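In what follows, a single structure is set out as structure tokens and then discussed.
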Amino acid sequence: MAQFDLDAHIRKVPDFPQKGVLFYDITSILTSPEAFRYCVDAMVEHYRDGGIDAIAAIEARGFLFASPFAVRMGIPLILVRKKGKLPGEKRAKTYELEYGTATVEIHVEDVPRGGKILLTDDLIATGGTLRAARELITGCGGIVTGVFGVVGLPFLNYRTALADLPVHTLITYDAE
């Protein structure tokens, strides 16, 4: 795959959502068809021969990258939603955030039992949401075989939370 300057397409917003934080905004990738296409093409290239049976995406921006990937790969898309958004039989997992807790849910019937599932989000920081999603998928009988993120922030220690999984990102930032 040809070299692409993805960094040029990621907006950096200082002091958001609070003072001292540098926010890596991927919405600017979505406004560039070239950058968005690069991300999806890179995902397909990396996982084409990985034997993935489904992709699970974290709400909301994870959906944006996982959806075209699922279509291109011909595999199901599993949605990991915020609490209260799914109507069917579901499992829920509450996890710790920096200042409180959050809960994610998944439809039980959407997870293929014994299926190899790639877990994805737009940006990987602490890995807490992805770890909670993995527990949900595993609890439904699926097997998470890897994690994908467009952006990785390893200085926030996601490798600790996801230590036994291969994590692939298209770009990493080692500091704020």
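Could you say whether any residue in segment 35-47 is part of a loop (DSSP other than H, G, I, E, B) and of a type in the set (A, V, I, L, M, F, W, C)? Scanning segment 35-47 turns up no residue that is part of a loop (DSSP other than H, G, I, E, B) and of a type in the set (A, V, I, L, M, F, W, C). From the list Ala102, Ala163, the lone residue that is among the aliphatic types (A, V, I, L, M), loosely packed, with under 14 Cβ neighbours inside 10 Å and over 14 Å from the mean Cα position of the chain (by Cα) is Ala163.
The residue of segment 41-53 that is surrounded by the fewest Cβ atoms within 10 Å (Cβ to Cβ), among those that are touching a Gly at 6+ places or on another chain (Cβ under 9 Å) and at pLDDT 95 or above, is Asp53.
Of the residues examined, Gly62 is one that is within 24 Å of Arg37 (Cα to Cα), in contact with a Gly (Cβ under 9 Å, 6 or more places away or on another chain), assigned to a helix (DSSP H, G or I) and in contact (Cβ under 8 Å) with a residue 24 or more places away in the chain. Residues in segment 1-25 that are part of a helix (DSSP H, G or I) and among the hydrophobic types (A, V, I, L, M, F, W, C) were compared, and the one that is surrounded by the most Cβ atoms within 10 Å (Cβ to Cβ) is Leu6. When Val71 is tested against (1) within 24 Å of Ile29 (Cα to Cα); (2) touching a helix residue (DSSP H, G or I) at 6+ places or on another chain (Cβ under 7 Å), only condition (2) is not met. Being closer than 20 Å to Arg159 by Cβ and surrounded by 14 or more Cβ atoms within 10 Å (Cβ to Cβ): is that true of Leu119 here? So Leu119 fits the description; yes.
With respect to the conditions (1) closer than 13 Å to Ile171 by Cα; (2) without any contact (Cβ under 8 Å) to a residue 60 or more places away in the chain, Lys12 falls short on a single one, namely (1). Segment 95-176 holds strands (runs of 3 or more DSSP E) entirely within its bounds, and those carrying 2 or more residues that are at pLDDT below 95 map to 100-107. Checking Ile78, Ile55 one by one, the residue that is under 15 Å from the mean Cα position of the chain (by Cα) and over 25 Å from Ile10 (Cβ atoms) is Ile78 and no other. Scanning segment 81-96 for residues that are more than 18 Å from the chain's Cα centre (by Cα) and in contact (Cβ under 8 Å) with a residue 40 or more places away in the chain yields one hit, Arg91. The set of residues in segment 54-78 that are touching a Pro at 6+ places or on another chain (Cβ under 8 Å) and either small (Gly, Ala, Ser) or surrounded by fewer than 21 Cβ atoms within 10 Å (Cβ to Cβ) (or both) comprises Ala54, Ala70, Pro76. Pairs linking a residue in segment 26-46 that is under 18 Å from Ala70 (Cα atoms) to a residue that is among the polar types (S, T, N, Q) and part of a loop (DSSP other than H, G, I, E, B), with Cβ atoms under 9 Å and 6 or more positions apart or on different chains, are Tyr38/Ser32.
The values are calculated or read from the model by the stated rules, or taken from the named source; none is laboratory data. Note that the structure is predicted; figures quoted are calculated from it, not measured. No Cβ is skipped: glycine too gets one built from the backbone with ideal geometry, and neighbour counts run over all protein chains shown.
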